[in-house]
Amino acid sequence: MNDGLQDLYREVILDHNRRPRNFRVIEGGRRHEGFNPLCGDRVTVYLKVEDGVVRDAAFEGQGCAIAKASASLMTEALKGLTVDEARKRFAEFQAMVTSPLESPVPDLGKLSVLAGVREFPTRVKCASLAWHTAKAALDGDDAPVSTE
Amino acid sequence: MSAKASAVESAAAVASLRDEFPILAIEAHGRRLAYLDNAATTQKPREVLDAIATYYTTQNANVHRGVHLLSERATEVFEGARATVADFFNAASAKEIIFTRNATEGINLVAASWGGANLTAGDEVLISAMEHHSNIVPWQLACQRTGAALKVIPIDDRGALDMEAFARLLTARTKIVAVSQLSNALGTINPVAEVVRAAHAAGAVVLVDGAQAAYHLPVDVRALGVDFYVATGHKLYGPTGIGVLYGREALLDAMPPYQGGGDMIASVTFERSTWNSLPHKFEAGTPHIEGAAGLGAAVKFIRRIGFDRITAHERELLAYATAAVSEVPGVRLVGTAPDKASILSFVMGDIHPHDIGTVVDRAGVAIRTGHHCAQPVMARFGIPATARASLAMYNTREDVDQLVAALHDVRRMFA
Ligand SMILES: Cc1ncc(COP(=O)(O)O)c(C=O)c1O
């Protein structure tokens, strides 16, 4: 199989696509919707924030393997971070997936597997949809997120 | 395989046809390119590329303006292309051929100009559930402006037009029926002549969106009886940025201009202006001259190959592709109308079409994935998107086999 494909569809990603973690609703927390008008993918991100700390994170929605795996990995990564740390993680993630192919992959733990999308410009939005949506939830925005 | 022996086109004939399309020789990700995204746009034969180069190297000037040699040549190229296109669609006169940017602009022109002059509150515009967004949104805008109502002819589970529902929906309130001849998302061929007969009997005019049909089927606008027909150059093996609106002369004559500017006027004073004759009334500003040159060459090319050959080859290949793709475990076809052409839309279990598209791309196979600008069709079938392979005259069984092999990769990967 093509090397680029193996970089994109890493085992961790395929696994999170097959068995997305935290794929559920959180009642009574923050809730935000994101939409990719180009492909029709949509995600709802739920965050439970207490005392400035993300105590719980979950998502629901439909999308491709990259979108689903990215959302799933994100919910794991955000849990336990302070709101400021979560915002910082968002910025680091965005910087990683939009960085040039030659630049080194930063160590963002499990999230680093998503660096493979850099080789697939049309798929970067798939990876960032959940993150943009979570960022809006962190910021307390009202408007739904669109990747356009 | 026995089916192979019965192929309509000999392999050598298709190979020499492929040689006329330079881009088909490139590699995609180090693999042979299998271009199966023709419903989005077709590739261009050398004759089209040459016509554009010739235009800029020996004929370029503005049209309908100068008295000098080059302006005369450019005008000849532009009006010559119009005559060629009129002949291709069997219009009664070249005056009935308006050059637009694309099919979308043709529909917007009719919806704005004809719609503005002919629609009022209480009237109805009838479209179908399989339309491309470009044959939905212009009518929504026209309805908003005029107070007319938009009605939709449903489709059945195979993606065929529900002709009984059409008969019920068609009433004295119906002022225009706008349907596609060939659906880009489903491949359905609609019985346009029958739609026209019924609509005319009810006193409605008919616009046919031929963006997909015009490069697969011979189109005779007078035999079909349509009032308006739109097509788009880039799917007709021609350049982007040029499209065609055919309209019956009497209707076009009675319609107000769509855009104002140079070329579309007879005289201008600050008090009032008068309109140029057809087709110029609807062509404000400097047109896409090189595009017309390319489109003229493209339809000549199609005629040289001939629809007998094109439709026979594409029909045989669609049957082959339908059988081959259906055999891939998990594949379900979307769009199985009895009368179909050249389009194979499908889903594969719960594998998202984008993932299918990315994996097959790396195997050199270009297909389209998404909603195909037909979100209501996706909603009708309860799916967010499909993968779509679409054929053109130069496709071969090798292209289909390459797709099928790649779909097996997809299946293994996401199993
Ligand atoms: C059925 C149909 N109608 C209209 C269009 C619009 O064509 P264009 O974008 O060239 O105006 C398309 C192209 O995708 C189409 O498939």
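Structure above, values below:
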item	result
Trypsin sites (Lys or Arg not before Pro) restricted to the range B:56-165 and DSSP loop, no more than 16 other C-beta within 10 Å	B:ARG65, B:ARG158
Rg to Rh, two decimals, where the range A:3-143 supplies the alpha carbon set and Rh follows Kirkwood	0.94
Rg/Rg_ref, the range B:317-415, where Rg_ref = 2.2 N^0.38 Å and atoms are Cα	1.00
Simple label model, 7 Å out from Cα along Cβ direction - B:ALA53 to A:GLU85, nm	6.3 nm
Volume per residue of the C-alpha convex hull in chain B, rounded to whole Å³	144 Å³
Antiparallel DSSP beta bridges within the range B:49-303, percent to nearest 5	45 percent
20 Å reach of a label modelled at B:ARG197, 7 Å along Cα-to-Cβ, counting backbone N of the range B:215-236	B:218-228
Nitroxide proxy distance, nm - points 7 Å out along Cα→Cβ at B:ARG303 and A:ASP15	6.4 nm
Size of charge dipole - the protein assembly as shown - debye, nearest 20, with Cβ of Lys, Arg +1 and Asp, Glu -1, no other charges	420 debye
Surface/4 of the Cα convex hull for the range B:34-147, nm²	10.6 nm²
Calculated over the range A:1-51: convex hull of Cα atoms, volume per residue (Å³)	135 Å³
Gain on full stretching of the segment that runs from B:GLN259 to B:THR286 - 0.36 nm per residue minus C-alpha separation	8.5 nm
GluC sites (Glu not before Pro) lying in DSSP loop within the range A:36-125, provided at most 11 other Cβ fall within 10 Å	A:GLU102
For the protein assembly as shown: Kirkwood Rh in Å [reciprocal of mean 1/r, alpha carbons]	25.9 Å
Counted charge near B:MET130, where neighbours are those whose Cβ lies closer than 15 Å (Asp, Glu -1; Lys, Arg +1)	-1
Sorted by Cβ neighbour density within 10 Å, fewest at the top, the residues B:VAL328, A:VAL25, B:VAL196, B:VAL230	A:VAL25, B:VAL328, B:VAL196, B:VAL230
When each of B:LYS95/B:LYS151; A:LYS88/A:LYS110; A:LYS125/B:LYS44; A:LYS68/A:LYS125; A:LYS48/A:LYS135 is checked by Cα-Cα distance, pairs over 20 Å	B:LYS95/B:LYS151; A:LYS125/B:LYS44
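Readers should treat all values here as calculations from the given coordinates under stated rules, not as data from a laboratory. Model, not experiment: these values are computed from the prediction. Using ideal geometry, Cβ is built from the backbone for each residue, glycine included, and neighbour counts are taken over all protein chains shown.
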